[in-house]
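To start, the structure under review is shown below, and the notes come after it.
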Amino acid sequence: MSIRGASGSLTRQSLMVAGFCLLADALAFSYEGARVYPAVSFWCLLAGIVLVDAALASAARLSGVVAFAQAALAVAGALALPGGGPLPDTNDAGMLIAAYRAGAWLNGRPAVLALLYLAAGSIGARTLGATTDLTEWRTIVLGAVKEALLAWLVGRYTTARGAHIAELEQRAVRERENARHALADAIAGDAVPSPAICTMSSPIM
């Protein structure tokens, strides 16, 4: 596959994932959020879901920005919840995909910062909205692990595994090329007559 074809395939995949993620979050929030949020808060949060989930199809270098936006929306959903009732699903799918993207496409400090954004968003959504008893800190931490760390680690593992496989394939190609060149050199060496043979076969004047 050419570089242009591979790039087009990745773009289509990103659009498809972002589209399904947006649909899942929007439907879940529409079903649960309409019953607990005031109309203005509901429509503002729904618009936010559309924007941050659509951003999942953006360039890989923006994965940290997308992670921050997803985390901020999760916290905003908790703060806007009236009466501290049960927190409805806001952008759970978006958080997972954003964590995967950050783990897969970012390196070093940006990758760690993106993970911290998402973990803070998960914890903040459970605490700032007063939907979880703060004494149940294990539940809060476990939620952050499930929503941020696991997907981030899967992204890291997938990228590392893909790079390792690509390295093995390149090494195999180099070994085949070296073997082909060695065989060609050996054949060429056998085909060239030695000087002694040339002298013996030359006619005597």
Once you have the Cα-Cα distance between Thr159 and Ile187, take 0.36 nm times their residue separation minus that, and quote the gain in nm to one decimal.
5.9 nm
Could you tell me what a quarter of the Cα convex hull surface of the stretch 78-124 works out to, in nm² with one decimal place?
3.4
Cα-projected label distance for Arg109 with Arg12, points at 7 Å along beta-carbon direction, nm
3.9
Length added when fully stretched, Leu116-Ala179, from 0.36 nm per residue minus Cα-Cα
17.8 nm
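Read the figures in this text as sums done on the coordinates, not as results from a lab. All values derive from a computational prediction rather than experimental measurement. Quick reminder, even Gly has a Cβ in these numbers, built from the backbone with ideal geometry, and neighbours come from all protein chains shown.
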